[in-house]
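**Q** Let me give you the structure first, and then I'll get to my questions.
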Amino acid sequence: MKAVVYNGPKDVSVNTIDDPKIEKPTDVIIRVTTTNICGSDLHMYDGRTSFEKGRVFGHENLGEVIEVGAAVDRIKKGDRVCMPFNVGCGFCENCERGLTAFCLTTNPGTAGAAYGFAEMGPWQGGQAELMRVPYADFNCLKLPEDAEEKEDDYVMLSDIFPTGWHGVEMSGFLPGESIAIYGAGPVGLMAAHSAQIRGASQIFVVDSHDDRLKLAEAMGAIPIDMRKGDPAQQILDATGGRGTDRGVEAVGYQCCDRHGKERSNYTMNCLVKSTKATGGIGVVGVFVPEDPNAPDDLQKEGKIAFDFGNFWFKGQKIGTGQCNVKHYNRRLMNLIEHGRANPAQIISHRLPLDQAPDAYKHFDERDGGWTKVLLKPGT
Ligand code: NAD
Ligand code: ZN
């Protein structure tokens with residue numbers, strides 16, 4: 001089969017590799033019909049991680065079940081399914097509590113597993129014609145009748161829609177409150193969409209790219225252009241000095257180059273500043289632990305020295321971590337099915353798998369208009 005393979009920093013190609021096989025009776029094989037490129041793929045693509053050469057990318061996957069292991073009961077051949085990016089077992093003490101991003105079985109000794117990801121287990125990604133899904137009864141979300149018609153909405157259930165929702169959730173948001181979202185990438189835009197659906201009174205979205213800020217505005221958010229000065233101060237000015245009730249970090253340690261060595265703590269300090277005293281902050285942007293062997297300076301240091309004193313003094317609360325996608329995705333699927341959510345509105349490109357190398361390049365360089373890329377194997 002054809003698959004998008006990592007060759008080294010900023011180098012991917014579409015190679016022919018062996019088809020995946022049923023390895024355990026709880027597996028299924030999926031014919032992938034849509035698989036997205038995510039901002040999280042850029043951590044690997046840019047060479048910031050220990051992602052091994054030859055690994056297949058892709059953790060935002062949707063497709064049709066074509067082969068079913070002997071112990072798979074609920075999922076049937078022909079089902080159209082979307083896979084949460086977290087690989088869970090369903091029976092460890094974390095999965096039991098719905099904390100599938102921290103499964104203790106699928107990536108033993110660490111926290112959590114994902115398809116096509118560095119340091120998150122051996123699972124191959126779905127940017128390919130076929131993929132293997134373990135513990136399939138647990139890891140496949142069976143889609144409704146309109147699965148094909150709304151495929152580009154439903155594929156967002158694999159990651160960014162639940163992740164944006166999770167950021168809002170972890171901030172402690174309540175209907176009628178205001179919220180500031182840092183980052184208008186796909187995740188930040190999905191946080192804005194979630195806040196809109198959940199009844200926010202005001203939504204501010206910070207970024208420095210016109211096309212992304214325009215999308216945020218079209219969703220009902222107030223765009224904050226960080227090129228025009230300190231974004232936290234702009235939000236304070238717009239709220240009469242009070243700040244917002246809630247804040248979401250949807251950028252992560254890579255931040256933007258303009259902040260140089262400070263970049264890893266820049267958004268955290270902004271959030272502490274623009275969130276009101278006693279407010280809450282949800283951090284879904286990825287920050288990485290210290291790793292002396294990592295290729296990237298930031299990851300070598302690992303430390304995020306944000307202003308904890310101001311955070312403490314303001315009595316703020318914080319939530320962090322990977323999204324437990326399964327905890328949300330059935331309910332978010334219902335919102336899509338009944339026309340209450342349309343996450344596909346942020347898609348900029350639908351491309352055949354063969355065009356993945358070019359798509360990675362444009363998305364990585366944040367070229368104007370490259371917001372969310374869907375790869376369509378088989379087209
Ligand atoms: P992205 O790289 O497309 O978007 C990031 C955006 O942040 C860009 O538009 C960029 O211009 C903007 N930005 C950079 N510096 C900024 C700053 N200082 N202030 C405001 N905006 C700034 O990525 P994405 O796909 O939207 O993902 C965002 C983050 O969320 C990444 O770190 C990704 O790994 C992470 N993520 C986390 C989870 C999770 O489960 N927690 C899931 C998916 C993605
Ligand atoms: Zn993703």
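The values are calculated or read from the model by the stated rules, or taken from the named source; none is laboratory data. These figures come from a predicted structure and were not determined experimentally. Note that we place each Cβ from the backbone using ideal geometry, even for glycine, and neighbour counts take in every protein chain shown. Accessible surface is based on the protein model in full, side chains and every heavy atom, while ligands, DNA and RNA are left aside. Shrake-Rupley method; radii C 1.70, N 1.55, O 1.52, S 1.80 Å.
**Q** For the range 97-117, which positions are open to solvent by 10 Å² or more (accessible area, probe 1.4 Å) and closer than 15 Å to residue 49 by Cα? Before the answer, list the steps.
**A** If we filter the range 97-117 for residues that are open to solvent by 10 Å² or more (accessible area, probe 1.4 Å), which is where we start, we get 97-99, 102, 104-105, 107-111, 117.
Of everything in the range 97-117, just one residue is open to solvent by 10 Å² or more (accessible area, probe 1.4 Å) and closer than 15 Å to residue 49 by Cα, namely 117.
**Q** Give me the pairs: first residue in the range 263-291 and under 15 Å from residue 180 (Cβ atoms), second residue modelled with pLDDT under 80 and assigned to a helix (DSSP H, G or I), beta-carbon distance under 8 Å, and six or more apart or on different chains, which are they?
**A** The qualifying pairs are 266/259.
**Q** Now for a different question. Exactly one condition in (1) open to solvent by less than 20 Å² (accessible area, probe 1.4 Å); (2) modelled with pLDDT of 95 or more is not met by residue 277; state its number.
**A** Answer for residue 277: the failing condition is (1).
**Q** Also: From the residues in the range 28-79 that are under 24 Å from the mean Cα position of the chain (by Cα), basic (Lys, Arg) and away from ligand 1 (no atom under 16 Å from the Cβ), which one is surrounded by the most Cβ atoms within 10 Å (Cβ to Cβ)? Steps first, answer last, please.
**A** If we filter the range 28-79 for residues that are under 24 Å from the mean Cα position of the chain (by Cα), which is where we start, we get 28-65.
Adding the requirement that they be basic (Lys, Arg) leaves 31, 48, 53, 55.
Remaining after also requiring away from ligand 1 (no atom under 16 Å from the Cβ): 31, 53, 55.
On the way: 31: 15, 53: 9, 55: 19.
This residue is 55.
**Q** Further, regarding this structure: What number of residues within the range 183-199 satisfy the criterion of being more than 9 Å from ligand 1 (Cβ to nearest atom) and either surrounded by fewer than 24 Cβ atoms within 10 Å (Cβ to Cβ) or of a type in the set (Val, Ile, Thr) (or both)?
**A** Total satisfying the criteria: 4.
**Q** Would you pick out the residues in the range 24-45 that are among the hydroxyl-bearing types (Ser, Thr, Tyr) and either more than 23 Å from residue 151 (Cα to Cα) or at pLDDT 95 or above (or both)?
**A** Result: 26, 33, 34, 35, 45.
**Q** Under 8 Å between Cβ atoms, which residue pairs at least 6 apart in sequence (or on different chains) link something in the range 207-232 that is more than 17 Å from residue 267 (Cα to Cα) and open to solvent by 20 Å² or more (accessible area, probe 1.4 Å) with a partner that is within 16 Å of ligand 2 (Cβ to nearest atom) and not hydrophobic (A, V, I, L, M, F, W, C)?
**A** 211/371; 215/371
**Q** Hey, any hits in the range 89-104 for a residue that's within 28 Å of residue 355 (Cβ to Cβ) and either touching a His at 6+ places or on another chain (Cβ under 7 Å) or within 16 Å of ligand 1 (Cβ to nearest atom) (or both)? Steps first, answer last, please.
**A** In the first step, residues of the range 89-104 are kept if they are within 28 Å of residue 355 (Cβ to Cβ); the result is none.
Looking through the range 89-104, none of the residues is within 28 Å of residue 355 (Cβ to Cβ) and either touching a His at 6+ places or on another chain (Cβ under 7 Å) or within 16 Å of ligand 1 (Cβ to nearest atom) (or both).
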